[in-house]
Amino acid sequence: MSPHQKISVDLVIPVFNEAGVVTQMHAHVRSVVDGLPYAFTFIYVDDGSSDSTEGELAALAGTDERVRVISLSRNFGHQAALTAGLDASRGDAVVMLDADGQHPPEMIPQMLDLIVQGYDIVQGQRTDDARLGRFKKWTSGLFYHLLNFISGTRVLPGAADFRAMSRRAVDALKAMPEYHRFLRGMVSWIGFKSAILLYHQEERAGGASKYSFGKMFRLAMDAIFSFSLAPLYVGLSLGGILLLLALAEMVYVLSFWVTGRTSNLAPGWSSLMFVILIVGGMLMVLLGFIGVYVGYIFQEVKRRPVYLIKSDTENGKE
Ligand code: UDP
Ligand code: MG
């Protein structure tokens, strides 16, 4: 990328029920990017908001011709909204950031500097923040350790969907049409030259987190079951250990027969019960793991779109 030509940069911003917040955020981002030597486009993806977000975005598009608003037909989730924005983007570079002001726009110049220097991915990593709720901090820490332990794809703890990417990295990402999307893992999977930038996460500019516990849980499931086969191997190893134990017991019982001491064999009801329960429980857990994979495969083979667009200001109004 030559620094002499004006590089076009798309800011991809997923928005779900951020009334009040998104207008404030737009002004903040503008104040940062307006002096920069890039041609910016704001791609707001309205992820089926039910409050006045839609109107606010329309007003932004009315006053700032660089604003493009893509409205999804319903709430598809953060990862799907980001995907919609990436698919729509044509810029030389893309910056993804949240609409709630938690991803400091002040980092954008530095991110783009690195992209111009030849990095394909500049990943924002949240510094440990005391204000981050204890529960979120703890679950997120545990989650990243587990994920890195069981999957071959490295994901930084505290990595956020706050990053800049070059055109070729975005195109690589777009070549992954999977339905269950964990972008942090996918971005790490594609490779390319990457840099990490630490950032300090601000408080939300307003409103509350749109990541309910259910959404967080589904994201964790998507990360684990689409990036790792470890749960299946857990099953395989447990099964192997049980078989070995059974073999040992067989030898033990046979030894009584060989030495003619069968009368010494206690009618071991409790141990039998124990084994039945353990084996039964484990079988169910493993069946569950297999079930999840089958479910994921089922959803992939349906080839359903990750999101559906209701309107796009670039293609005229509804
Ligand atoms: N978001 C979205 N769809 C959703 C949930 C969230 O587009 O179903 C957007 C939200 O508006 C915000 C970003 O994704 O811009 C991150 O969400 P949030 O700030 O609620 O998550 P947190 O920072 O609490 O993890
Ligand atoms: Mg947030």
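Taking K and R as +1 and D and E as -1, what net charge do the other residues with C-beta under 14 Å from the C-beta of Ala220 add up to? Within the 14 Å Cβ shell, the charges total +4. Look at the Cα gyration tensor of region 1-42: its axes a ≥ b ≥ c give a/c of at least 1.5 with a/b at or below b/c, and that counts as oblate. The convex hull defined by the C-alpha atoms of the chain has an orientation-averaged projected area of 21.1 nm².
For the chain, give the share of DSSP beta bridges that are antiparallel, in percent and rounded to the nearest 5; count only bridges with both residues there. Display every interim value, and only then the final one.
Values: 11 of 35 bridges.
Given both bridge residues lie in the chain, the antiparallel proportion sits at roughly 30 percent.
The count of lysine pairs in region 127-253 that are at least 8 places apart or cross chains, and whose C-alpha atoms lie under 27 Å apart, stands at 7.
Residues Thr41, Thr83 in ascending order of nearby Cβ atoms (within 10 Å, fewest first): Thr41, Thr83.
Count the net charge of all other residues whose Cβ sits under 11 Å from the Cβ of Asp92, scoring Lys and Arg as +1 and Asp and Glu as -1. Once positives and negatives cancel, what remains is +3. Sorted fewest first by neighbouring Cβ atoms within 10 angstrom, Tyr252, Tyr293 come out as Tyr252, Tyr293. Between Phe217 and Trp257, the FRET efficiency from the beta-carbon distance, with R0 = 45 Å, is close to 0.30. Have a look at Ser228, Ser89, Ser271 and tell me which one the Gaussian network model of the chain (Cα, springs below 10 Å) gives the largest fluctuation. Checking each option, the largest mean-square fluctuation is seen for Ser271.
Please order Leu57, Leu283, Leu219 by the number of other Cβ within 10 Å, starting at the fewest. Walk me through the numbers before you get to the answer.
Values: Leu57 28, Leu283 14, Leu219 20.
So the ranking, lowest neighbour count to highest, is Leu283, Leu219, Leu57.
Prolate is the label for region 167-294, because the ratio a/c of its alpha-carbon gyration tensor axes (a ≥ b ≥ c) is 1.5 or higher and a/b is greater than b/c.
Overall form of region 58-208: rounded. Here a/c, set by the Cα gyration tensor axes a ≥ b ≥ c, is under 1.5.
Here, each number is a calculation from the coordinates, and none is a lab measurement. As the structure is a prediction and not an experimental result, all values here were calculated from the model. Glycine also receives a Cβ, built like all others from the backbone with ideal geometry; neighbour counts cover every protein chain displayed.
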